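Structure in structure tokens, see below.
No lab work stands behind these numbers, since they all come straight from the coordinates. Since the model is a prediction, treat every value here as computed from it, not as a measurement. Here the Cβ is made from the backbone with ideal geometry for all residues, glycine too, and neighbour counts use every protein chain on show.
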């Protein structure tokens, strides 16, 4: 899959294509349905498929300070899009100037002049242009004028639940990582670098942990203990882990941390990029008045992690 940033960086000689547009944060099952429709249409027409996304999140530009928690960073988003069979991933810098483009200019400059859209596939709630003035009806009308067809895809969900990035964020924020995984089609992931912490896990408790330094805008689950997987991209290995999110209440901590005890692991992860996949919530955070009951609880958490992950 080809990746480029900025519409002006579209590969030279790019011909007709099938385009889908959206932030696609999370690339959840609703997004997968839209992107899958675009990929299928492109293959049927023997054309390349292109996903257009934005960076930063549009809400941060339109309403500064309102940046939503990010479910997937751009690299992860691109990887997930590639897994769906997309041929091109174009990231548009979302600026104040870009946000003020009239819908007609947005369509002409982006879809017609640069990507030569033969078909545009979007969700039925898609909005575009200054003040979100454009909708799927206008997109279809402009497509008739400029020579492309429009496919508005119904939103995916289960029962009364519609899968959306907002819904997934609410699940993650509540610590309901199982519901988040159902909507995503995979466990929710938080990535970053392993940094040195207070080192209590290894010296006082007998359960060393990898402390994760993540993007400040990353969607981090609610304070709790979780069973999950630690992914080491350096060697493509997935390791079972008991994950703690919180302020270490037993030690009167104030800063919120994300740390993972990797089961049956005797190594050094400091400085490594890793990812944590949250599979299930085991329990709430608790404060203990002494180390022995805390250690006993951690032993139980490890046993529960093994059971939850089947290891």
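With N denoting the number of residues in the chain, provide Rg(C-alpha) divided by 2.2 N^0.38 Å, to two decimal places.
1.14
Taking springs between alpha-carbon atoms closer than 10 angstrom, which of 95, 161, 136 fluctuates most in the Gaussian network model of the chain?
161
Please determine, in degrees from 0 to 90 and to the nearest 10, the orientation of helix 29-45 with respect to the longest principal axis defined by the Cα atoms of the chain, where the helix direction is its Cα long axis.
Rounded to the nearest ten degrees, it is 40.
Would you please give the FRET efficiency between residue 124 and residue 205, computed as 1/(1 + (r/R0)^6) with r the Cβ-Cβ distance and R0 = 45 Å, to the nearest 0.05?
0.30
Let me ask something else about it. Which residue, 176, 46, 135, has the most motion in a Gaussian network model of the chain that connects Cα atoms within less than 10 Å?
46
Reported to two decimal places, what Rg/Rh ratio describes region 88-137 when computed on Cα atoms with Rh from the Kirkwood expression?
0.94
Average projected area of the Cα convex hull of region 1-101, in nm²?
6.6
At 7 Å along the Cα-to-beta-carbon direction for both residue 268 and residue 145, put a label point, then send me their distance in nm to one decimal.
The modelled label-to-label distance comes out at 6.4 nm.
On to the next question. Compute the projected area of the convex hull of the Cα atoms of region 187-311, averaged over all viewing directions, and report it in nm² to one decimal place.
7.1
Gaussian network model of the chain, Cα springs within a sub-10 Å range: biggest mean-square fluctuation belongs to which of 291, 92, 111?
In this elastic network of the chain, the residue with the biggest mean-square fluctuation among 291, 92, 111 is 291.
Based on DSSP H runs of at least 4 residues, each adding -39500 (n - 2.57), what is the mean residue ellipticity at 222 nm of the chain after dividing by all its residues, to the nearest 500 deg cm²/dmol?
-8000 deg cm²/dmol
What does a probe at residue 215 reach in region 1-18, counting residues whose amide N is under 14 Å from the point 7 Å along Cα→Cβ?
The answer is none.
One-quarter of the Cα convex hull surface for region 200-250, in nm²?
Projected over every direction and averaged, the Cα hull of region 200-250 covers 4.6 nm².
Which residues in region 72-90 place their backbone N less than 20 Å from a point set 7 Å from the Cα of residue 161 along the Cα-to-Cβ direction?
Counting only backbone N, you get 72.
Ratio of alpha-carbon Rg to the 2.2 N^0.38 Å globular estimate for region 58-143, to two decimals, please.
Region 58-143 yields a ratio of 1.18.
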